[in-house]
Each structure stands twice: as C-alpha cells, then as structure tokens.
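We did not get these values from a lab; they are worked out from the coordinates using the rules stated. Values in this document were obtained by computation on a predicted structure and should not be read as measured data. Note that each Cβ is placed from the backbone with ideal geometry, even for glycine, and that neighbours are counted across all protein chains shown.
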Amino acid sequence: MSFINLRDKVVQVKIVYYGPGRCGKTTNLEYINRKFKEQIQSEMVSLKTHGDRTLFFDFLPFHMGQIKGYDIKIQLYTVPGQVKYNATRKLVLKGVDGIVFVADAMEKQREKNIRSLNQLHENLQSYKESIFKIPLVMQYNKIDLKDHGIPVLPIAVLQQDLNSRLQVPYFEASAITGYNVAATLKKIISSTVVSIQKKLL
Amino acid sequence: MNYGIVNQEQLEQIEEILFQKLIKLGVDCAIIIDMAGNIITVKDTGKSKYDIYSFAALAAGNFATVDAMAKLVGETEFSLLFHKGQDCNIHFSKIDDELLLITMFGRDISLGFLRLNVVEAIDQIQKVWAKED
C-alpha cells in the first residue's frame, strides 16, 4: 500500500521488479540509476552475495516531481530471483503498489518464466492481492541476444505463455543496453499512480 | 484503522510524542516506518544527515528477517532489536503489526533509559493511532 502524508504532501509508491533468476531485474535498476542520476539523490542499495546475485533486494528511491501538488516518491525494489529465496521474495512484495515482471526471452528460460509468474500469483494471494488487479507491466528482456545468434522466444510465444490471461502492457527490452527500460518504468509508474488515484477517489 | 493515509492532527501528535519522549532525551533521530519500508514520520535534532529512505527500506527488511528467524525458533516475534556501534546505536521496536519505531542515539544515553522512554512513547503513539478506529 502506498503511503500518503497529507501534511507534507508526499506519496510513497513501491514498485517491485519481479522475475526468474538472472533475467535482468538488477540490470534494469542499474540502468535507471545511471540514466536518471539527477532525479536520484541517494545511492542505490544492493544486498547481494559475493557472486553478485541479489540476496535480499536492491532499492532505488526515485523522485518523479509533483502531481496535483503532491510529491511523488517512487521506491524501486527488485526481488532475489533464485528459486530458493521465495521467503525473501515474499517479504519484498509486502505493501507493493505496482509490479514489473521481467521475463527472460531466451528460449531455454521459457519454463522458468512461467514458474516465476505462477509463484508471483501465489505470493500476492498471501497478501490478499490479486495479480489480475495490481498494476503490472511485462518486460521481455534480453531481446538483443538474437543479434548474437542466441535463440530468443518470439514475442507471440511469450505473450501466449505469460500474458494471455493477464492482458497487461508489455515491452520488448534489453536492460543491458537500456532499450525500453525507461519505457517500462514510465508505464508502470503511470499505471500505478492512476490506480492509487482511483483508490483514493 | 486509518492505515495508508495519516492525517495532519495525528502526525503532529505523534511528532510531539517523539520530541518529548526521545529527542529531548538526546536521541539523534527517531523514525516511524511501516513494515513495507515507507516512512511515516521523522523527528531529529536537525544535525543528523542520514539517507532515511534507504534506511527505512533496509530497516523494514531487517525487521522482517528477524521476524522470520523468531518463527524458526518457535517465538511469535522478537519485538525489539538493538545494534551497537562505536558512536551510533540503533534501537528498533515494534509499535504494532504494521509500524516500527527506530531510534538512533549516541554514546551519552544509556540503553536502559532509552528503552523505558521508548516503551512510554509507543504506548502513547498506539493511543493516537487507535483514535481513528
């Protein structure tokens, strides 16, 4: 749940990047951190293992300016992608307002994407949230790999696997080069802010 | 409970409690956050320059982790945490299921005295919070 301070006119919004291990959640945040330096006043926080895998979460606070006189503070989080860390994934999802599901477009990752999305559904249910109601954006990451001869799933297949029932906005992206990272972020911020406005009215 | 939106009057009452019970005592900074890592309010001496947004996110994660550990050893919760440093100490205490009070203080306050005041502050904050029920 977003937190709204009526006196200081501040709205805190929590957006979580979710997805299977090594799909590029942290890379998304790292790109945003580099690209939008002037809107980010503090350091990105990363809790990771020695092997550079996310252990708990990454955290990036992001200033978005004002809407109707309210300061919007976006808090970006990632979850650890590794299968064994579901307990921590669940903790990070607490109070979430919007989710970016980062899918790995590599052919061999097909099943992992589906499994991860199913688990997201279950994890949200444990907080009495519904994957069908929460603002959600799909990002099909690593699309650049097809230029390097690595088999990548066609968008139609990814859509069929992950988005046929959800019908949420989706983007092809390459987090490493930054392609559509900002577009994904913009989309999830606008969907989330609209949903918060609706809840308040 | 009016969770999610806090009104001006509540906020001012809570800040006054933090000021009277903790800042006057010599605490550097008192923060109330929710378990999702959002900041509800901050009261400090004006001298501290902490990155409180990152701090809140980490503190909520830290508390959630310890909570999970408590369950593993058969406790329902560990309601308070204390981290001791050379010059700065941090004390975490649960206000209710959703809220956490964090106090940062230096070497010149004894932990026992701080804990007494934290208990009293929490008691008063709970009353202010419950008024909206």
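Assorted remarks:
- Residues in the stretch A:75-95 that are in contact with a strand residue (DSSP E or B) (Cβ under 7 Å, 6 or more places away or on another chain) and among the aromatic types (Phe, Trp, Tyr): A:TYR77 only.
- Filtered by the rule that a residue be under 18 Å from A:VAL137 (Cβ atoms), of a type outside the set (Phe, Trp, Tyr), outside any strand (DSSP E or B) and more than 8 Å from every other protein chain (Cβ to nearest Cβ), the stretch A:1-34 gives A:GLY19, A:PRO20, A:CYS23, A:GLY24, A:LYS25, A:THR26, A:THR27, A:ASN28, A:LEU29, A:ILE32.
- Leading residue by the ranking (nearest to the other protein chains (Cβ to nearest Cβ)) among those in the stretch B:5-40 that are within 13 Å of B:PHE105 (Cβ to Cβ) and part of a loop (DSSP other than H, G, I, E, B): B:ASP28
One line per residue, one yes/no per condition, for (1) in contact with a Pro (Cβ under 9 Å, 6 or more places away or on another chain); (2) surrounded by 15 or more Cβ atoms within 10 Å (Cβ to Cβ); (3) over 24 Å from A:LYS35 (Cα atoms); (4) not polar (S, T, N, Q):
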residue	(1), (2), (3), (4)
A:ILE74	yes, yes, no, yes
A:ASN113	yes, yes, yes, no
A:LYS128	no, no, yes, yes
A:ILE134	no, yes, yes, yes
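- Extreme residue, nearest to A:LEU47 (Cα to Cα), among residues of the stretch A:79-130 that are in contact (Cβ under 8 Å) with a residue 60 or more places away in the chain and charged (D, E, K, R): A:ARG89
- All conditions in (1) closer than 18 Å to A:LEU91 by Cβ; (2) without any contact (Cβ under 8 Å) to a residue 12 or more places away in the chain; (3) not in a helix (DSSP H, G or I) hold for B:ILE102, with the sole exception of (2).
- Leading residue by the ranking (surrounded by the fewest Cβ atoms within 10 Å (Cβ to Cβ)) among those in the stretch B:50-80 that are within 11 Å of another protein chain (Cβ to nearest Cβ) and either farther than 21 Å from A:ASN86 by Cα or of a type in the set (Lys, Arg) (or both): B:LYS71
- Among the residues making up the stretch A:161-185, those that are polar (S, T, N, Q), over 14 Å from A:LEU145 (Cβ atoms) and touching a residue at least 24 places away in the same chain (Cβ under 8 Å) are A:ASN163, A:ASN180, A:THR184.
- Residue match in the stretch A:144-166 (condition: within 14 Å of the chain's Cα centre (by Cα) and either crowded, with 19+ Cβ neighbours inside 10 Å or aliphatic (A, V, I, L, M) (or both)): no
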